[in-house]
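The values are calculated or read from the model by the stated rules, or taken from the named source; none is laboratory data. Note that the structure is a prediction, hence the values are computed from the model and not measured. In this analysis, Cβ positions are derived from the backbone assuming ideal geometry, glycine residues included, and neighbour counts consider all displayed protein chains. Quick note on the areas: whole protein, heavy atoms, side chains included, nothing else; ligands and nucleic acids left out. Shrake-Rupley method; radii C 1.70, N 1.55, O 1.52, S 1.80 Å.
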Amino acid sequence: MSNKMMDESSGTLGRQHPVFNLKRFFVGIIMSVIVTGMTFGFWWLALSPNNDDAAMQYKTLNYDVQVQSNGDLKITEDMVVVLHNRDAGPWHQLYQTYTLESDQLTDISDVSVTRVFDSSVSEYTRKDFAMPSSGHDANWDSDEAGHWYIYDVTDSKDYDSKTDALNVAGDDSNKTLEIGWNIPEMDSGTLTFRLEMTFKNVATQYDDAARLMWEPVATNNKVSVSKLTGTVHLPSGANASNTWAWLHSEAESSTTRDSDGTLHFTVENLSVEQYVDLLMLVDNSAMDGVQRTHGGDIEQSTMDSEASKEESWARNQQSQARKHMALFIGLVLTSLVFIVWNIAGAFLSYKRAHYSGSIVYWREPPAMSPAAATNLNGVLIDGSQDTIVSRCMSSTLLSLASKRCIEVLPGPSNWYDDIDLFRTDNAQLRPYVSGIASSHSRHNANLTTTIMLKVDPGEDLTRFNLCHSERRLLELLEEVGKQLGSRVFDLAHMSKVWKNWPKGQRLMSSFTSECTNEFDDLRATKTQSALHGLPMFLGMLYSMFIMIALGNGDLGDVVMMRVATPICACAVFFVSIWNAVYGSSKAISPEGQTWAGQVQGFKNYLLDYSHFQDRDINDLLLWDRFLVYATAFGISDKVLQQLYVSYPTMSDVSWVDSTMSGSLWYWYVSPRANAMSGGVPMTYDGGFSGDAFGGFGDFAANLDAGFADVQSTFHEATAPSGGSSGGSFSGGGFGGGGGGAGGGSFGGR
């Protein structure tokens with residue numbers, strides 16, 4: 001067996017630092033959840049719209065339309081409206097606005113409004129328009145709720161079809177109508193309604209076909225619609241072979257057609273200011289009594305125009321889809337890079353911050369100052385900076401005591417006012433200290449520590465073989481003694497004199513600087529920013545950047561980006577915070593592995609001291625140095641337990657007094673030996689810390705819409721460009737429209 005190293009069969013490999021720390025792993029997760037939740041919760045609140053328009057949404061909107069042979073549209077509209085709290089106060093009224101134009105819609109008649117409940121319905125009755133007050137209206141529910149109205153916004157009066165309808169042969173006149181219904185006053189809720197009405201004179205008949213352009217939702221609409229569906233029934237005699245139809249919308253849409261010619265369309269996630277319009281051509285054989293007529297043919301020119309629009313839209317959508325897919329793939333891949341970088345960086349940086357050599361036990365104190373050993377141990381266990389600084393001072397203080405520059409005694413200095421400590425042996429002091437500690441009830445965690453300076457002022461310190469940090473601390477203690485006018489003082493006195501003592505603060509700074517310099521001189525560590533600091537910082541910066549870009553609209557108004565971006569940002573931010581907690585900013589350098597082997601091996605040796613049977617009583621001379629480094633490692637209490645196992649004679653107070661009175665361990669061991677021998681039990685704590693004296697909305701719906709959008713965009717990006725439906729109403733809608741009978745928009749007040 002070597003003096004410096006034992007093989008694995010002689011010791012326990014469990015002392016080698018593991019490459020995975022379960023506690024650290026879960027602490028990192030908990031911290032990441034808290035920080036990410038708070039950060040993105042605040043971000044969500046900051047980005048969430050807070051206006052009255054956004055407080056209202058159509059969850060579903062379904063149209064069932066019958067095209068009449070005379071060119072009218074009989075419309076049944078079922079809607080589920082979601083109302084949220086808003087700044088303007090309670091809700092009283094819902095409405096839809098439409099535009100009458102002599103060339104495509106002259107009148108809205110046969111209006112009825114029904115509120116639909118789970119198992120019943122309530123028919124609303126017509127009443128003149130009433131404007132709700134801005135706040136609570138005490139009489140609203142009794143006087144106004146349950147009624148509907150139709151109001152001529154242009155002429156500021158209630159609308160009457162008999163007198164106010166436009167003339168088909170008019171001079172392009174128009175007016176705006178508002179159809180609304182009064183609801184019971186409420187702050188929020190989900191309501192279901194059915195609105196029935198007839199749009200008069202929508203069609204214009206040409207020589208070859210009738211043209212109908214209906215716009216259920218116009219660009220001035222301020223209420224989003226999660227899902228809009230429609231079914232359009234054709235007049236008798238019309239079928240798939242003699243009718244053509246095109247759906248115009250820039251939102252995601254799909255269209256189908258039954259064998260009898262019935263049209264079906266669906267529009268997903270219709271945002272504010274997005275339109276939906278339907279253009280139809282019906283052969284004249286199925287139309288009878290259309291009042292608006294126009295000479296000439298319309299069929300071929302419409303088909304050519306729509307084909308051109310559809311092909312242009314397809315090419316544009318393919319280009320946009322490819323850009324969106326590229327942006328989406330770039331977002332996901334970049335996020336994955338940051339996620340993998342941070343996770344791998346955390347594990348690797350943590351592993352590289354620990355000893356990886358073969359040394360299990362190192363049987364002598366490491367060849368470095370106590371302060372340097374404290375700092376290196378702090379890297380190995382990733383200790384807090386405050387703990388490292390306090391242990392530097394504690395271990396260096398005990399090192400001065402082990403070299404007989406100072407004496408360290410339990411209790412406050414006033415215990416020793418009448419005693420000449422320079423001429424009194426520890427064994428002689430023990431009965432006195434036991435008695436005074438018991439009488440003052442000072443055997444507790446608040447006990448301070450007394451320091452006695454044994455070095456004479458100006459004495460040559462060469463023979464003590466002090467390192468720089470030990471010299472700085474000794475100078476500091478000597479200056480404290482001068483300030484207090486005594487070579488015996490306690491840490492409580494030292495703390496008091498510290499408050500208004502600039503020189504003392506400078507001396508302390510000089511001491512801590514020397515501690516750092518001694519550690520730096522080892523060249524035991526190196527920074528590993530590529531694994532820890534860089535991915536952590538860039539990951540958080542990236543998360544903030546893409547969230548800002550999303551909020552500014554730089555990523556486009558695409559559902560998959562609106563869903564994917566927060567998910568990616570949260571994931572990257574989460575692992576970045578986790579890396580900050582789990583990973584390590586410092587790695588043990590190749591040269592440092594040698595030093596780390598000494599520190600880790602000696603720490604293992606102290607913790608397993610009772611396993612070694614080749615140490616005899618003469619090795620007690622080494623115990624003082626053992627205590628110094630045990631304090632540097634923060635394991636002095638555990639080492640003491642090992643010594644008791646190795647030397648049962650330490651329970652005998654007579655043996656302790658005769659053998660150990662000159663050792664640093666004496667005031668650790670003698671109180672316990674005193675108690676075991678029938679004396680007063682004592683426990684000395686206090687002193688320097690570490691030493692032996694003391695030691696987004698509906699998320700499910702958003703995800704569903706987001707995945708549907710991913711699939712749709714992928715298909716658009718990979719589908720062949722060009723092509724036309726030829727009015728067959730299959731595939732989906734396309735842009736290039738806008739305008740048509742109605743020009744509907746929704747709102748509430």
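Any residue in region 123-133 that is acidic (Asp, Glu), surrounded by fewer than 20 Cβ atoms within 10 Å (Cβ to Cβ), modelled with pLDDT of 90 or more and out of contact with any Ser or Thr (no Cβ under 8 Å at 6 or more places or on another chain)?
Step one: of region 123-133, the residues acidic (Asp, Glu) are 123, 128.
With surrounded by fewer than 20 Cβ atoms within 10 Å (Cβ to Cβ) added as a condition, the list becomes 123, 128.
Pick out the ones that are also modelled with pLDDT of 90 or more and you get 123, 128.
Those left that are additionally out of contact with any Ser or Thr (no Cβ under 8 Å at 6 or more places or on another chain): 128.
For region 123-133, residues acidic (Asp, Glu), surrounded by fewer than 20 Cβ atoms within 10 Å (Cβ to Cβ), modelled with pLDDT of 90 or more and out of contact with any Ser or Thr (no Cβ under 8 Å at 6 or more places or on another chain): present.
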Region 82-131: strands (runs of 3 or more DSSP E) wholly inside it with 2 or more residues that are closer than 24 Å to Lys227 by Cα are 91-101, 107-116
For the subset of region 637-659 comprising residues that are open to solvent by 30 Å² or more (accessible area, probe 1.4 Å) and of a type in the set (Val, Ile, Thr), which member is nearest to Ser402 (Cα to Cα)? Thr659
Looking only at residues in region 285-320 that are among the basic types (Lys, Arg) and in a helix (DSSP H, G or I), which one is most open to solvent (accessible area, probe 1.4 Å)? Arg315
From the residues in region 377-412 that are surrounded by fewer than 22 Cβ atoms within 10 Å (Cβ to Cβ) and of a type in the set (S, T, N, Q), which one is modelled with the highest pLDDT? Ser402
Breaking point among (1) at pLDDT 70 or above; (2) open to solvent by 40 Å² or more (accessible area, probe 1.4 Å); (3) under 30 Å from Cys568 (Cβ atoms); (4) outside any loop (DSSP other than H, G, I, E, B), for Ala54: (4)
So which of Ser312, Ser356 is among the small types (Gly, Ala, Ser) and within 25 Å of Ala596 (Cβ to Cβ)? Ser356
Output yes when any residue across region 301-319 is in contact with a Leu (Cβ under 8 Å, 6 or more places away or on another chain) and polar (S, T, N, Q), and no when none is. yes
Qualifying residues in region 439-491 (those that are in contact with a Leu (Cβ under 6 Å, 6 or more places away or on another chain) and among the hydroxyl-bearing types (Ser, Thr, Tyr)) - the one modelled with the lowest pLDDT: Thr448
Has region 249-267 got at least one residue that is in contact with a Pro (Cβ under 8 Å, 6 or more places away or on another chain) and crowded, with 23+ Cβ neighbours inside 10 Å? no
State yes or no: is Asn500 assigned to a loop (DSSP other than H, G, I, E, B) and either open to solvent by less than 40 Å² (accessible area, probe 1.4 Å) or over 26 Å from Ala373 (Cα atoms) (or both)? yes
Log entry, pairs with first residue in region 555-572 being modelled with pLDDT under 80, second being open to solvent by 30 Å² or more (accessible area, probe 1.4 Å) and not aromatic (Phe, Trp, Tyr), beta carbons closer than 6 Å, six or more apart or on different chains, reads Val558/His324; Val559/Asn269; Met560/Val710
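Got a sec? Which of Thr594, Thr565, Thr527, Thr512 is open to solvent by less than 40 Å² (accessible area, probe 1.4 Å) and of a type in the set (S, T, N, Q)?
On the way: Thr594 fails: open to solvent by less than 40 Å² (accessible area, probe 1.4 Å); Thr527 fails: open to solvent by less than 40 Å² (accessible area, probe 1.4 Å); Thr512 fails: open to solvent by less than 40 Å² (accessible area, probe 1.4 Å).
Just one listed residue meets the conditions, Thr565.
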Criterion violated by Leu477 - all others in (1) in a helix (DSSP H, G or I); (2) open to solvent by 10 Å² or more (accessible area, probe 1.4 Å); (3) closer than 22 Å to Ser413 by Cβ satisfied: (2)
Which one of the conditions (1) open to solvent by 10 Å² or more (accessible area, probe 1.4 Å); (2) modelled with pLDDT of 80 or more; (3) part of a helix (DSSP H, G or I) does Thr374 fail to meet, given that it meets all the rest? (1)
Would you be able to say whether some residue in region 547-563 is hydrophobic (A, V, I, L, M, F, W, C), in contact with a strand residue (DSSP E or B) (Cβ under 8 Å, 6 or more places away or on another chain) and within 30 Å of Ala367 (Cβ to Cβ)? no
Condition first: of a type in the set (D, E, K, R) and closer than 16 Å to Lys454 by Cβ. Can you find one or more residues in region 508-516 that meet it? no
First in region 403-417 and on the phi > 0 side of the Ramachandran plot, second anywhere and modelled with pLDDT of 85 or more and crowded, with 22+ Cβ neighbours inside 10 Å, Cβ under 7 Å, 6 or more apart: Gly411/Thr450
Is one or more of the residues making up region 579-587 open to solvent by less than 10 Å² (accessible area, probe 1.4 Å), over 28 Å from Leu327 (Cβ atoms) and out of contact with any Phe, Trp or Tyr (no Cβ under 9 Å at 6 or more places or on another chain)? yes
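Counting only residues that are part of a loop (DSSP other than H, G, I, E, B) and open to solvent by 40 Å² or more (accessible area, probe 1.4 Å), which one in region 57-81 is nearest to Ser285 (Cα to Cα)?
Step one: list which residues in region 57-81 are part of a loop (DSSP other than H, G, I, E, B), which gives 68-72.
Adding the requirement that they be open to solvent by 40 Å² or more (accessible area, probe 1.4 Å) leaves 68-70.
Numbers: Gln68: 13, Ser69: 10, Asn70: 12 Å.
The extreme case among them is Ser69.
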From the option list Leu348, Leu327, single residue qualifying as at pLDDT below 95, in a helix (DSSP H, G or I), in contact with a helix residue (DSSP H, G or I) (Cβ under 9 Å, 6 or more places away or on another chain) and surrounded by 15 or more Cβ atoms within 10 Å (Cβ to Cβ) is Leu327
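Looking at Leu538, Leu522, which is the one that is open to solvent by less than 60 Å² (accessible area, probe 1.4 Å), under 30 Å from Thr39 (Cβ atoms) and in contact with a helix residue (DSSP H, G or I) (Cβ under 9 Å, 6 or more places away or on another chain)?
Details: Leu522 fails: under 30 Å from Thr39 (Cβ atoms).
So the residue among Leu538, Leu522 that is open to solvent by less than 60 Å² (accessible area, probe 1.4 Å), under 30 Å from Thr39 (Cβ atoms) and in contact with a helix residue (DSSP H, G or I) (Cβ under 9 Å, 6 or more places away or on another chain) is Leu538.
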Could you grab me the full set of residues in region 83-103 that are out of contact with any Gly (no Cβ under 7 Å at 6 or more places or on another chain) and either over 27 Å from Asp187 (Cα atoms) or open to solvent by 60 Å² or more (accessible area, probe 1.4 Å) (or both)? His84, Asn85, Asp87, Leu100, Glu101, Asp103
Exactly one of Gly662, Gly687, Gly695, Gly634 is open to solvent by 10 Å² or more (accessible area, probe 1.4 Å), modelled with pLDDT of 80 or more and within 52 Å of the chain's Cα centre (by Cα), and that one is Gly634
